[in-house]
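Report on the structure given below.
Read the figures in this text as sums done on the coordinates, not as results from a lab. Please read all numbers here as calculations on a predicted model, not as lab measurements. A quick note on method: Cβ atoms are made from the backbone with ideal geometry, for glycine too, and the neighbour counts reach across all protein chains shown.
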Amino acid sequence: MEARAVAKYVRMSSSKLKPVADLVRGKDLAEALTILQFTPGKGSELVEKVVQSAAANAENNHDMNPDALYVAEINANQGPTMKRWRPGAQGRAGMILKRTSHINVVLKERENFKAEVKPQTENAKADEAKAEAKAEESKAEKSETKAEGAAKKPAAKKSDAKAEDKKPAAKKSEAKAEKKPAAKKTEAKKADEKKPATEKSDAKAEKKADKEEVR
């Protein structure tokens, strides 16, 4: 299986692009990209874009392993030339040739590619064990906090219920305090009622004394 990418009508002559293409032909994808990244000149930038496009096509469209890819084919062929004119000496006209190129890149997978599996060192194993222990500790702490929260909630409800029970008792005491002035009022009324009776007895005694004097 192979993946292709083409850039047509690139505004650069093929004679400037071919030396750059020769640098990466047959190289692994990662190595080719590093070579193009550190090669000076505009041609390396153009070729690098086409190689990256071919790598994206291989990975996304064909499900190819990017680590196993290499540059199987790369060409910078000549495209159409645009002709322009500018005035010269003695009424002549000088020709300007604006050359273009087509860049073709083909990527393939190496047949005998084996993915390198790095063996785990003792330090890596110890780090994994530490990470697992930390995860277990965090889970235990979370479970403890949840249990404590669940235990605190009923106690808070009981305290609220006690407070509500105390409120009616306080209201009853206030009602009793309000009733005391009423008792005082009844005592004052009784005293007022008794006073007129004593006054009536005094008046009768005076009348009797007047009658005796008249006799």
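Is one or more of the residues making up region 92-101 free of Cβ contacts under 8 Å to residues at least 60 places away in the same chain and either small (Gly, Ala, Ser) or touching an Asp or Glu at 6+ places or on another chain (Cβ under 9 Å) (or both)? Taking every residue of region 92-101 in turn, at least one turns out to be free of Cβ contacts under 8 Å to residues at least 60 places away in the same chain and either small (Gly, Ala, Ser) or touching an Asp or Glu at 6+ places or on another chain (Cβ under 9 Å) (or both). The number of residues in region 51-105 being part of a loop (DSSP other than H, G, I, E, B) and either on the phi > 0 side of the Ramachandran plot or in contact with a strand residue (DSSP E or B) (Cβ under 9 Å, 6 or more places away or on another chain) (or both) comes to 10.
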